[in-house]
Amino acid sequence: MSAPERSAHEEKPAEEILFALPIPEPSELLGRDHTLNGGILFGLDGYVVEIQARAMSVLKKPTPWRWATKISGMARGAIQESLDRIAGSFSKIGMPDTDVEILVNLVPADLPKEGTWLDLPLAIILL
C-alpha cells in the first residue's frame, strides 16, 4: 500500500471528528417530544419503561448535561447518578454542553426504577 492510500485509511484523532447530524437551533427543540422504550428488572420480572423527553426552555448559556436535565417518574439514586455517567461519556467524546433545559419522564410512574438498566436509553434520548 502506498503512502497516500495508507494515510486515507488512518483514523482521525478524537478532537477532529465532527458529528454527522446537523445540530438544530435550540428554539426548534422546544416543539418536539421524544419517546423511547427501555427495560428494567424488578425482582424476577422484567418491565418496559417508556422514556419521554422534552426540551422545556432555552438556556442563556450552554450548561452541563447533569444540571440541565431533570428526571421524574420515581427515579431512584442510581437513575439520578446515571446523568453523571452520561455527562462523563458525552465529555469523553467531545459532545458540547446543552443549550436547553430537558425534562425526562419515566413511565409507568408507580414502578420504582433502580440500577443502571436505563443508562443507554437515557443517553440516546438526551441526544
Checklist outcome for this item: Residue hits (segment 47-78; surrounded by fewer than 16 Cβ atoms within 10 Å (Cβ to Cβ), assigned to a strand (DSSP E or B) and basic (K, R)) are K60, K61, K70
Next on the checklist: Quick test of your reading of the structure: W117 fulfils all but one of (1) surrounded by fewer than 19 Cβ atoms within 10 Å (Cβ to Cβ); (2) in a loop (DSSP other than H, G, I, E, B); (3) of a type in the set (A, V, I, L, M, F, W, C). Name the failing condition by number.
Outcome noted: (1)
Checklist entry - Which one is farthest from R76 (Cα to Cα) among residues in segment 94-120 that are over 16 Å from the mean Cα position of the chain (by Cα) and small (G, A, S)? => result A109
Checklist entry - of a type in the set (A, V, I, L, M), farther than 18 Å from L120 by Cα and surrounded by 13 or more Cβ atoms within 10 Å (Cβ to Cβ): does that describe L106? => result no
Checklist entry - Quick one: what pairs do we get from segment 103-121, first residue at negative phi, second surrounded by 20 or more Cβ atoms within 10 Å (Cβ to Cβ) and of a type in the set (D, E), C-beta under 6 Å, 6+ apart or different chains? => result none
Item to check | For L18: the one exception among (1) modelled with pLDDT under 90; (2) part of a strand (DSSP E or B); (3) open to solvent by 80 Å² or more (accessible area, probe 1.4 Å) | outcome: (2)
Item to check | Those residues of segment 79-103 which are assigned to a helix (DSSP H, G or I), touching a strand residue (DSSP E or B) at 6+ places or on another chain (Cβ under 7 Å) and surrounded by fewer than 18 Cβ atoms within 10 Å (Cβ to Cβ), in sequence order | outcome: Q80
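The values are calculated or read from the model by the stated rules, or taken from the named source; none is laboratory data. Computed from a predicted structure; not experimentally measured. Methodologically, a virtual Cβ is constructed for each residue, glycine included, from the backbone with ideal geometry; neighbour enumeration extends over all protein chains shown. Side chains are part of the model used for accessible areas, which takes the heavy atoms of the whole protein and leaves out ligands, DNA and RNA. Shrake-Rupley method; radii C 1.70, N 1.55, O 1.52, S 1.80 Å.
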